[in-house]
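Student: Sharing a structure below in structure tokens format, with a few things to ask.
The values are calculated or read from the model by the stated rules, or taken from the named source; none is laboratory data. Here the structure is a predicted model, which means the values were calculated and not measured. No Cβ is skipped: glycine too gets one built from the backbone with ideal geometry, and neighbour counts run over all protein chains shown.
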Amino acid sequence: MLSKDIGVDLGTANVLVHVKGQGVVLNEPSVVAIDQVTKQVVAVGEEARQMLGRTPGNIVAIRPLREGVIADFDVTEIMLRHFLRKTIGKSSMLRPRLMICVPAGITSVEQKAVREAAEASGAKQVDLIEEPKAAAIGAGLNIFEPSGSMVVDIGGGTTDVAVLSLGDVVTSTSLRVAGDKLDEAIIKFIRREFNLMIGERTAEELKKELAHVYPGSGNESREVRGRDMMTGLPKTIEVHAEQMEQALAEPVSAIIAATKSVLERTPPELAADIFDKGIVLTGGGALVNGLDKLMKKELEVPVHIAEDPMQCVVLGTGKYLEMRDNLRVNKAVSGGKSRRRSRW
Ligand SMILES: Nc1ncnc2c1ncn2[C@@H]1O[C@H](COP(=O)(O)OP(=O)(O)OP(=O)(O)O)[C@@H](O)[C@H]1O
């Protein structure tokens, strides 16, 4: 029977699907719009994201994964099935093998349910992979050699920091401070400083287009529209890049402190490897202007942004399926038995 390998990044902010031989075939926001009266799904993905904060009373646009955990399991399941059907249904492939990267904080019950949802969508075999492992492989790091590699994956809900060697995680931490918390920090700052309420999408735009977190680097400004909290009326203000630096200082420090704590817990030989190779940043948060430079200054270790950081996880899931097959073949040929067991 014809079968294909599919890698899925079930992310807090975005879902990406990679098909072997075809590349990334789907990249959509993790959002679902539901009619609360009929309980029908109105839209999934980009179409639903457009509705965030703009829905009439009976329709709610939900982000079912939040802060690295599944906040609404039923809706996550609907979303996963929708994206898989879209991928599997469109191609001529039958019964694919799936490797799914799930948020670090999901429980074993949720892991089982993700597997079941994927199997119900027509998968022949479903495996799960830890986020930092997938991110590191997708960033092109050779995590299987006896040498330390360090990855900091800054997604929407979580930042996963890990040191890997010989194919496994040696030291790691996962914190619920990532892209969403940066957006929240901007919302709070604008409310406090300007008495202005802005939405999540406006905050995200400011983070991507205006913010610069390396001290003294941004000199641009931008007009921002929102609702005046005193009058309740629409109002426009001007925001400067240095104010964004101030707004983001706390969550950015938390990410750097977490990275430092993992480095401090890393065995010296591996720490020396990391000092030579540098830390690799992946995930959308790696694109925050000046973050790499700031981390390098604070940690005194080279820091590189992966090529295409937002696709690292999904590319890693795809590659891992292939690598695992090769490892199995090699083990079968050498007659060796693995002593390692994956956490998943
Ligand atoms: N140019 C940019 N500058 C700053 N942040 C960005 C940029 N582009 C994307 N982001 C942020 O990256 C985050 C999404 O990253 P990504 O798609 O890697 O997360 P995810 O894999 O869905 O989340 P998680 O790993 O938590 O499950 C969002 O918060 C988004 O605002």
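Student: Does the stretch 94-116 contain any residue that is within 16 Å of the ligand (Cβ to nearest atom), more than 25 Å from C312 (Cβ to Cβ) and in contact with a strand residue (DSSP E or B) (Cβ under 7 Å, 6 or more places away or on another chain)?
Tutor: Looking through the stretch 94-116, none of the residues is within 16 Å of the ligand (Cβ to nearest atom), more than 25 Å from C312 (Cβ to Cβ) and in contact with a strand residue (DSSP E or B) (Cβ under 7 Å, 6 or more places away or on another chain).
Student: For D153, indicate whether it is in contact with a Gly (Cβ under 6 Å, 6 or more places away or on another chain) and among the charged types (D, E, K, R).
Tutor: Working: in contact with a Gly (Cβ under 6 Å, 6 or more places away or on another chain): yes; among the charged types (D, E, K, R): yes.
Judged against the criteria, D153 is a match.
Student: For the stretch 152-159, state whether one or more residues are under 28 Å from R66 (Cβ atoms), within 11 Å of the ligand (Cβ to nearest atom) and either of a type in the set (A, V, I, L, M) or surrounded by fewer than 24 Cβ atoms within 10 Å (Cβ to Cβ) (or both).
Tutor: Quick first cut of the stretch 152-159, residues under 28 Å from R66 (Cβ atoms) only: 152-159.
Checking the rest, the ones that are also within 11 Å of the ligand (Cβ to nearest atom) come to 153-159.
Still in the list and also either of a type in the set (A, V, I, L, M) or surrounded by fewer than 24 Cβ atoms within 10 Å (Cβ to Cβ) (or both): 154.
Yes, the stretch 152-159 has at least one match.
Student: Can you tell me how many residues in the stretch 94-130 are of a type outside the set (V, I, T) and in a helix (DSSP H, G or I)?
Tutor: In the first step, residues of the stretch 94-130 are kept if they are of a type outside the set (V, I, T); the result is 94-99, 101, 103-105, 108, 110-113, 115-125, 127-128, 130.
Remaining after also requiring in a helix (DSSP H, G or I): 108, 110-113, 115-120.
Total meeting the criteria: 11.
Student: For residues that are farther than 22 Å from D180 by Cβ and in a loop (DSSP other than H, G, I, E, B), scanning just the stretch 280-317, find the one that is farthest from the ligand (Cβ to nearest atom).
Tutor: E300
Student: Could you check, for the stretch 258-279, whether at least one of its residues is crowded, with 16+ Cβ neighbours inside 10 Å, away from the ligand (no atom under 15 Å from the Cβ), modelled with pLDDT of 95 or more and under 21 Å from T12 (Cα atoms)?
Tutor: yes
Student: Looking at this structure, is G21 under 30 Å from K133 (Cα atoms), in contact with a His (Cβ under 9 Å, 6 or more places away or on another chain) and either in the same structural domain as V114 (by TED's automatic domain parsing) or not aliphatic (A, V, I, L, M) (or both)? Full working, then the answer.
Tutor: Working: under 30 Å from K133 (Cα atoms): yes; in contact with a His (Cβ under 9 Å, 6 or more places away or on another chain): no; either in the same structural domain as V114 (by TED's automatic domain parsing) or not aliphatic (A, V, I, L, M) (or both): yes.
In short, no.
Student: Can you name the residue in the stretch 188-208 that is surrounded by 20 or more Cβ atoms within 10 Å (Cβ to Cβ) and of a type in the set (A, V, I, L, M) and, of all such residues, is farthest from the ligand (Cβ to nearest atom)?
Tutor: L196
Student: Let me ask something else about it. State yes or no: is E184 of a type outside the set (A, V, I, L, M), at pLDDT 95 or above and within 16 Å of the ligand (Cβ to nearest atom)? Don't jump to the end; show me each part of the working.
Tutor: Details: of a type outside the set (A, V, I, L, M): yes; at pLDDT 95 or above: yes; within 16 Å of the ligand (Cβ to nearest atom): yes.
Here the answer is yes, as E184 does meet what is asked.
Student: Only one of these conditions is not met by T76: (1) away from the ligand (no atom under 16 Å from the Cβ); (2) surrounded by 17 or more Cβ atoms within 10 Å (Cβ to Cβ). Which number is it?
Tutor: Every condition holds for T76 apart from (1).
Student: With the requirement that a residue be part of a loop (DSSP other than H, G, I, E, B) and touching a residue at least 24 places away in the same chain (Cβ under 8 Å), what does the stretch 131-165 give you? Full working, then the answer.
Tutor: Step one: of the stretch 131-165, the residues part of a loop (DSSP other than H, G, I, E, B) are 139-148, 155-158.
Correct list: A139, G140, L141, I143, F144, S147, G148, G155, G156, G157, T158.
Student: Return yes or no: is I70 crowded, with 18+ Cβ neighbours inside 10 Å, modelled with pLDDT under 80, of a type in the set (A, V, I, L, M) and within 23 Å of S174 (Cβ to Cβ)?
Tutor: Numbers: crowded, with 18+ Cβ neighbours inside 10 Å: yes; modelled with pLDDT under 80: no; of a type in the set (A, V, I, L, M): yes; within 23 Å of S174 (Cβ to Cβ): yes.
When the stated conditions are applied, I70 does not pass them.
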